[in-house]
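What follows is a single structure, and I will ask about it in a moment.
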Amino acid sequence: MATKNWIITTSGNQSLADISRQMTKKGFDVKQVLEQIGCISGSASDDVAEQLKTIPGVVDVSPDGDIDIGPPGAPVTW
């Protein structure tokens, strides 16, 4: 199965280290644990991403996308 990049948002009620370990056990490849904002990024298949929603403390699992704000003074962003 193809993998995608994902951003996982947590509730703050669980340790990010614990959530990260549980995600890894389900097959998620953790890339970054962003303590300050309560998010974890990484990659997995759609099936694994769906399973992550069952982990206590996970409130959202969203695909990660590219953002291009353009050069300074550009009339259009995003």
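Of the residues in region 16-70, how many are part of a strand (DSSP E or B), open to solvent by 50 Å² or more (accessible area, probe 1.4 Å) and under 12 Å from ASN5 (Cβ atoms)?
4
Since ASP68 meets every condition but one in (1) at positive phi; (2) without any contact (Cβ under 8 Å) to a residue 40 or more places away in the chain, which condition does it not meet?
Single failed check for ASP68: (1).
Please go through region 29-41 and pick out each residue that is small (Gly, Ala, Ser) and on the phi < 0 side of the Ramachandran plot.
Taking region 29-41 and keeping what is small (Gly, Ala, Ser), we get 38, 41.
SER41 - this is the single residue of region 29-41 that is small (Gly, Ala, Ser) and on the phi < 0 side of the Ramachandran plot.
Of the numbered conditions (1) open to solvent by less than 80 Å² (accessible area, probe 1.4 Å); (2) in a strand (DSSP E or B), ASN5 fails exactly one; give the number of that condition.
Just one mismatch for ASN5, condition (1).
The values are calculated or read from the model by the stated rules, or taken from the named source; none is laboratory data. Remember, predicted model here, so these are calculated numbers, not experimental data. Quick reminder, even Gly has a Cβ in these numbers, built from the backbone with ideal geometry, and neighbours come from all protein chains shown. To get the accessible areas, we keep the full protein, side chains included, count just its heavy atoms, and leave off ligands, DNA and RNA. Shrake-Rupley method; radii C 1.70, N 1.55, O 1.52, S 1.80 Å.
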